[in-house]
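Asks: Quick one: structure below, then a few questions.
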Amino acid sequence: MAVIAIGLDVVEVARARGLLERHHDRILDRTLTPEERLYVDSLGDPAPAFAARLAAKEAVFKALQVFDGARTIGWRDIGVRRLGDGRPEAVLLGHAAAVVSRRDLTLHLSLSHSRDVAAAVAILEDAPRLGVS
């Protein structure tokens with residue numbers, strides 16, 4: 001596989017907390033998929049997870065900028081879900097899925113957060129070329 005693009009983003013947890021305090025339902029409905037919303041709402045302190053998802057969406061968006069039409073991808077076109085072992089997985093929906101359709105790609109996502117910041121890195125790889133003659 002060859003790396004096509006990398007996206008990186010950092011979000012301050014305090015900024016995410018402020019958004020939640022001022023616009024809770026509106027900001028969550030505007031930025032998160034229903035699956036993400038259920039997860040974030042289930043937490044005692046949703047701000048770190050919300051910040052991590054904002055960073056993830058922005059990192060994935062930045063990685064997808066290598067494709068025509070990617071500038072119109074919306075917040076809810078990129079989702080994050082937790083796999084059974086706790087690792088995050090990027091989920092492309094709607095316009096994001098359409099932009100990368102018919103391409104054999106792998107999207108890796110890493111998230112981290114501390115008390116103060118959340119960070120995400122997205123790495124987009126193409127599939128190995130097999131049987132080329």
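The values are calculated or read from the model by the stated rules, or taken from the named source; none is laboratory data. Quantities reported herein were computed from a predicted structural model and do not represent experimental measurements. When we count neighbours, we look across all protein chains shown, and the Cβ atoms used for this are built from the backbone with ideal geometry, even at glycine.
Asks: Condition first: touching a residue at least 24 places away in the same chain (Cβ under 8 Å), of a type outside the set (A, V, I, L, M) and out of contact with any Phe, Trp or Tyr (no Cβ under 7 Å at 6 or more places or on another chain). Now tell me which residues in the stretch 8-53 satisfy that.
Replies: 9, 12, 15, 17, 33, 35, 36, 39, 46, 48, 50, 53, listed by residue number.
Asks: Give the residues of the stretch 67-98 that are over 25 Å from residue 27 (Cα atoms) and surrounded by 14 or more Cβ atoms within 10 Å (Cβ to Cβ), sorted by residue number.
Replies: Selection gives 67 alone.
Asks: Still on this structure: Out of all the residues in the stretch 60-81, is one or more under 16 Å from the mean Cα position of the chain (by Cα), of a type in the set (A, V, I, L, M) and farther than 18 Å from residue 124 by Cβ?
Replies: No, the stretch 60-81 contains no residue that is under 16 Å from the mean Cα position of the chain (by Cα), of a type in the set (A, V, I, L, M) and farther than 18 Å from residue 124 by Cβ.
Asks: Taking the condition of being in contact (Cβ under 8 Å) with a residue 40 or more places away in the chain, aliphatic (A, V, I, L, M) and not in a helix (DSSP H, G or I), how many residues in the stretch 54-105 meet it?
Replies: 5
Asks: Can you pull out every residue in the stretch 41-53 that is in a helix (DSSP H, G or I) and surrounded by 19 or more Cβ atoms within 10 Å (Cβ to Cβ)? First the steps, then the outcome.
Replies: Restricting attention to the stretch 41-53, the residues satisfying the condition of being in a helix (DSSP H, G or I) are 41, 47-53.
Residues satisfying the conditions are 47, 48, 49, 50, 51, 52, 53.
Asks: Return the residues of the stretch 97-122 that are touching a helix residue (DSSP H, G or I) at 6+ places or on another chain (Cβ under 7 Å) and at pLDDT 95 or above; say none if nothing qualifies.
Replies: Hits for the stretch 97-122 are 109, 111, 116, 117, 118, 119, 120, 121, 122.
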